[in-house]
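> Below is one structure. I have some questions about it.
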Amino acid sequence: QVQLVESGGGLVQAGGSLRLSCAASGSFVSSNTMGWYRQAPGKQRELVARIFSGGITDYLDSVKGRFTISRDTAKNTVYLQMNSLKPGDTAVYFCWTKLSGMNYWGKGTLVTVSS
């Protein structure tokens, strides 16, 4: 059973940093595309960053240069390092992967950036 468990959210001032972690239930972190989505109140969920099996990454334009996605395959964990946070980054952040054509999500972790 695929499980994704996020942690690391919290309240931070603008300009601060947070690191989110996503613990996966299996070794698919190395062979699957893994990603982070976010959903702000009243808005649609959007893809923030993803890392492909070969290690290539891509990012939402508004977070480029500030956020970094990475993975530790030995720990079956994916990270999202978030620097220079802005109030507009406030959202629930979800870990995501897709296996055998099915999307899997964690329950999310709340990030609140105060001005």
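> Given labels modelled 7 Å from the Cα in the Cβ direction, how far is it in nm from Ala40 to Lys64?
1.9
> Name the long-range amide H neighbours of Gly108: under 5 Å, sequence gap of 5 or more, or other chain; modelled H, no Pro or chain starts.
Long-range HN contacts for Gly108: Glu6, Cys95.
> So what is the relative contact order for the range 4-49, in percent, with contacts set as C-alpha pairs under 8 Å and at least six apart?
Contact order relative to length: 27 percent.
> Taking H placed 1.01 Å from N in the peptide plane, check which residues at least 5 places from Leu60 or on another chain put their amide H under 5 Å from its amide H.
Ala49
> Using Cα-Cα distances under 8 Å and only pairs 6 or more residues apart, what relative contact order does the chain have, in percent?
36
> Check Gly16: other-chain or 5+ apart residues with amide H under 5 Å from its amide H, H built from backbone geometry?
Amide H to amide H, under 5 Å and 5 or more residues apart or across chains, Gly16 pairs with Leu85.
> With every protein chain left in place, what is the accessible area per residue of the range 1-59 in square angstrom, probe 1.4 Å?
Solvent-accessible surface per residue comes out at 54 Å².
> Can I ask one more? So for the range 27-93, averaging the separation of alpha carbon pairs under 8 Å that are six or more residues apart and normalising by length, what relative contact order in percent results?
33
> Continuing with the same structure: How about the range 49-115: which trypsin sites (Lys or Arg not before Pro) there are in a DSSP loop, with at most 12 other Cβ atoms within 10 Å of their Cβ?
Lys64, Lys75, Lys107
> What do you get for Rg/Rh over the chain if you use C-alpha atoms and the Kirkwood form of Rh?
Using Cα coordinates only, the ratio equals 0.95.
The values are calculated or read from the model by the stated rules, or taken from the named source; none is laboratory data. Just so you know, these numbers come straight off a predicted model, no measurement behind them. With ideal geometry, Cβ positions are generated from the backbone for all residues, glycine too; neighbour counts draw on all protein chains shown. The protein model used for the area step is the full one, side chains on, heavy atoms only, and it has no ligands, DNA or RNA in it. Shrake-Rupley method; radii C 1.70, N 1.55, O 1.52, S 1.80 Å.
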